[in-house]
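So the structure is just underneath, and the comments pick up after that.
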Amino acid sequence: MRADDLPLYYNAVDILERNLPERADKIALCSDARTLRFGEVGAEVNQVGQALRAMDVRFGESVALLALDGAEWVTSFFGILKIGAIAASLNTLLTGEEYAYILRDCRARVLIVDGMILPRILELRAELRHLEHIVVIGAGEALPEGAIAFEDWIADRPTRLEAVQTHRDDYCCLNYSSGTTGDPKGILHAHKDLPLTAQLWGVNVLGLTESDRTFAVAKLFFTFGTGGNLIFPWYVGASVVLYPGPPRLADKVLEHIARYQPTILYNAPTGYGMMLAMPELCERWDLSSLRLCVSAGESLPAPIWEAWKARTGLDIIDGIGSTENYHIFLSNRPDDIRPGSSGKPFDGYALRIVDEAGTPLPVGEVGNLLVKGETAALSYLHQYGRSKEAFIGAWLNTGDKYRIDADGYYWHCGRSDDMLKVGGIWVSPVEVESALLSHPAVQECAVIGRSDDRELIKPQAFVVLAEGHAASAALEAEIIGHCRDQMAEYKRPRWVTFIDELPKTATGKIQRFRLRAS
Ligand code: 3UK
């Protein structure tokens, strides 16, 4: 399938509404809080669209969505698309500063936010000059001024709504991705990208069918979650299982699998590692409904693949995707898996491994991975310079180092920048370094990625101590604890190595690559 195969005027609410004629009574989504049929979702989506219109939300405007996975996230998402607005889905783990930037950058007038996260937004209220309306999911008793509870917002709205005739190249969603330094990068995707990725990978590679039921530990606010656990299954009429809890609670994740009996599981490599750490995994939880597992976000080490296969009998499909491409663009296939590798190219995406000058490299040599496909974003919102570096004509520079083996499988060999993927989520070494520097014993520091005993990358800190402080295991533990208090927990360094001096360039820039080689 190519973009040209779609109608010129196409609204991706079709991914939901294609199910209405024949599957209105089929379960569309289940979660502990709510279970909805396609027909019920369709009606609530229309009510959300009507409620947004009543707030005068127009075509092309961003509506911010900052919520845990649940039915309201989904009906809000499609309600926004249906009226031709753009769903800006925000990561629920960001800092106040990042929310302030994103909400200013996308100029959202309306924010749909979870009651649990609302206090973090209220702290910033004075800085959010575009924000006019706050809609609260799971609101408690006392709502702040200018806020309305989601149920009240949609109550009594008509359950019918005409979709806006969007062009297939009009934007429908916006996700923010972080870089080593600087502001998060806004990535816009068009209506066409949703059915295209669904067909190119969801159907052609993964082999999803109407009788599947998907479950993603990765959240809907990542395109890994939105694609895998909403767009692709609904594209074929399959059902989805939503879980609002944090991915690190492996027992809760396993309980959900046993309770809702999905056939497909999406998780990050760390998630598989955490499930494997549970004693008597298959005896305690019934995993027999699963037919296939998917891993993305960071590379899946072969030992985890093998251990999962040995314990559960299940294959894991590792594929590399990115927010820039919306989803997976290089992947293993159910009938062709090489554990530890990212698999082979599939129809819809062309790949190249090149040197610094852009010259293609022979098989076996490590180089920069470029990708060309019709689901790529066009640029980073409001970031001309960074866009010009990443989007090179028809090609997109992934920032990943790759090599091809003699059999044609692609192997991930790290990043060409200093960014780390920890548990499938970006960590900028600079952010961890600034947390470290706020500890009085730390004079200078640098953070790199190091493999743990499962071959998963975690942050390691190199620290030059301030005068009057001596290296000790107790100080290491104290510094790690200090970082844990300052940032999202997964970002904390797992090891602190004390050194006398950091390697630097003549201009004083820390050479993290030399620490990686040490
Ligand atoms: C890394 C991988 C090795 C790689 C994503 C599936 O992760 C996703 O998107 P992001 O924008 O990050 C993209 C970067 O993450 N990466 C992702 N998957 C793998 N490295 N093996 C993998 N399997 O550095 C890539 O450039 O957060 C993944 C679907 C949708 C996504 N957005």
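The values are calculated or read from the model by the stated rules, or taken from the named source; none is laboratory data. All values reported here derive from a predicted model rather than from experimental measurement. All Cβ positions, even for glycine, are placed from backbone atoms using ideal geometry, and neighbour counts span all protein chains on display. Note: areas computed on protein heavy atoms with side chains; ligands, DNA, RNA excluded. Shrake-Rupley method; radii C 1.70, N 1.55, O 1.52, S 1.80 Å.
Once the chain from Glu478 to Met116 is taken as fully extended at 0.36 nm per residue, the excess over their C-alpha distance is 127.4 nm.
Remark: segment 264-280, residue by residue, has Karplus-estimated 3J(HN,Hα) of 10, 10, 10, 8, 8, x, 4, x, 5, x, 5, 5, 5, 6, 7, x, 6 Hz, where x stands for each Gly or Pro and the curve is 6.51 cos²θ - 1.76 cosθ + 1.60 at θ = phi - 60°. Here is the size of segment 87-146 from its Cα atoms: Rg then Dmax, 10.7, 31 Å. Between the residues Thr375, Leu300, Gly115, the greatest Cα displacement towards the positive end of the dipole of the chain, with unit charges on the Cβ of Lys, Arg, Asp and Glu, is found for Thr375. With a Förster radius of 45 Å applied to the beta-carbon distance between Lys509 and Glu132, the computed FRET efficiency rounds to 0.55.
Between the amide H of Asn11 and those of Thr166, distances stay under 5 Å, these residues lying 5 or more places away or on another chain, with hydrogens modeled in the peptide plane. Can you pull a Stokes-Einstein diffusion coefficient for segment 1-97 at 4 °C (1.567 mPa s), Rh from Kirkwood over Cα pairs, as a whole number of µm²/s? Roughly 89 µm²/s, to the nearest whole number.
Ordered from longest to shortest, the equivalent ellipsoid semi-axes for segment 40-134 are 22, 15, 10 Å, each the square root of 5 times a Cα gyration tensor eigenvalue. Charging the Cβ of each Asp and Glu at -1 and of each Lys and Arg at +1, and nothing else, the dipole of segment 3-191 about its Cα centre rounds to 220 debye.
Accessible surface computed residue by residue for the chain, with neighbouring protein chains in place and a 1.4 Å probe, gives 41 Å² per residue. The rule of thumb for compact globular proteins, 2.2 N^0.38 Å, goes into the C-alpha radius of gyration of segment 407-482 1.32 times. Taking label points 7 Å from Cα along the Cα-to-Cβ direction, Met1 and Glu141 give a separation of 5.0 nm.
Charged side chains reduced to their Cβ positions (Lys and Arg at +1, Asp and Glu at -1) give segment 265-377 a dipole of some 160 debye around its Cα centre.
Between Ala33 and Glu306, the modelled labels are 4.2 nm apart [label points 7 Å from Cα along Cα→Cβ]. Electrostatic tally near His130: other residues with Cβ closer than 9 Å to its Cβ, Lys and Arg +1, Asp and Glu -1, net +3. Using the Cβ-Cβ distance between Ala155 and Arg516 with R0 set to 60 Å, the FRET efficiency from 1/(1 + (r/R0)^6) comes to roughly 0.60. From helices alone, the chain scores -7000 deg cm²/dmol at 222 nm; the rule is -39500 (n - 2.57) for each run of n ≥ 4 DSSP H residues, then divide by the residue total.
The alpha-carbon positions of segment 3-191 define a convex hull whose volume is 127 Å³ per residue. For segment 40-88, chymotrypsin sites (Phe, Trp or Tyr not before Pro) are listed when DSSP marks them as loop and at most 12 other Cβ atoms sit within 10 Å of their Cβ; the list is Phe59. What a 1.4 Å probe finds exposed on the chain is 49% carbon and sulfur by accessible area, rounded to a whole percent.
Using bins of 20 Å that start at zero, the share of Cα-Cα pairs per bin across the chain amounts to 22, 57, 21, 1, in whole %. The Asp453 and Ser211 beta-carbon pair, evaluated with R₀ = 41 Å, returns a calculated FRET efficiency of approximately 0.60.
Take Val430: with every protein chain present and a 1.4 Å probe, its accessible area is about 50 Å². Computed extension gain for Ala350 through Met278, at 0.36 nm per residue and net of the alpha carbon distance, reaches 22.0 nm.
Could you pull out the pairs from Lys309/Lys401; Lys219/Lys504; Lys309/Lys458 whose alpha carbons sit more than 29 Å apart here? The pairs that break the limit, which is 29 Å between Cα atoms, are Lys219/Lys504. Derived scalar couplings between HN and Hα for segment 134-148 equal 10, 10, 10, 8, x, 5, x, 5, 8, 9, x, 4, x, 10, 9 Hz in order, rounded to whole Hz, by the Karplus curve 6.51 cos²θ - 1.76 cosθ + 1.60 (θ = phi - 60°), x for Gly and Pro. Note on Lys372: accessible area approximately 80 square angstrom, rounded to 10, probe 1.4 Å, nucleic acids and ligands left out. Modelled spin-label separation between Ala258 and Arg58, with each label point placed 7 Å from Cα along the Cα-to-Cβ direction: 5.4 nm. Of the residues Leu436, Ile479, Tyr402, the one whose Cα sits farthest toward the positive end of the charge dipole of segment 381-518, with +1 on the Cβ of Lys and Arg and -1 on the Cβ of Asp and Glu, is Tyr402.
Annotation: amide H-H contacts under 5 Å for Gly84 (H modelled 1.01 Å from N, sequence separation of 5 or more, or interchain): Val164. Exposed loop sites here are GluC sites (Glu not before Pro) assigned a DSSP state other than H, G, I, E or B and surrounded by at most 14 other beta carbons within 10 Å; excluding them, the longest clear run of the chain is 1-122. Taking amide H as placed 1.01 Å from N in the peptide plane, Val294 has its amide H under 5 Å from the amide H of Leu265, Tyr266, Asn267, Ile317, each at least 5 places away in sequence or on another chain.
Per the Debye calculation on segment 176-283 with a single equal scatterer at every Cα and no solvent contribution, log₁₀ I(q)/I(0) for q = 0.22 Å⁻¹ amounts to -1.18. Once each part is reduced to its C-alpha centroid, what is the distance from segment 239-293 to segment 430-473 in angstrom? If we compute the Cα centre of each part, the gap is 33 Å.
Rg then Dmax, both in Å and based on the Cα atoms of segment 140-192: 17.7, 47.
Looking at segment 104-184, what % of the alpha carbon pairs are farther apart than 18 Å? Every Cα pair in segment 104-184 considered, those over 18 Å come to 59 percent.
Listed values for segment 46-52 are Karplus-derived 3J(HN,Hα) couplings in whole Hz (6.51 cos²θ - 1.76 cosθ + 1.60, θ = phi - 60°), namely 5, 5, 4, x, 5, 5, 5, and x replaces Gly and Pro. Between the residues Val363, Asn332, Leu351, the greatest Cα displacement towards the positive end of the dipole of segment 319-367, with unit charges on the Cβ of Lys, Arg, Asp and Glu, is found for Asn332.
The eigenvalues of the Cα gyration tensor, multiplied by 5 and square-rooted, give segment 319-417 an equivalent ellipsoid with semi-axes of 23, 16, 11 Å from largest to smallest.
Charging the Cβ of each Asp and Glu at -1 and of each Lys and Arg at +1, and nothing else, the dipole of the chain about its Cα centre rounds to 500 debye. Relative to the longest principal axis of the Cα atoms of the chain, the long axis of helix 71-82 lies at roughly 70 degrees.
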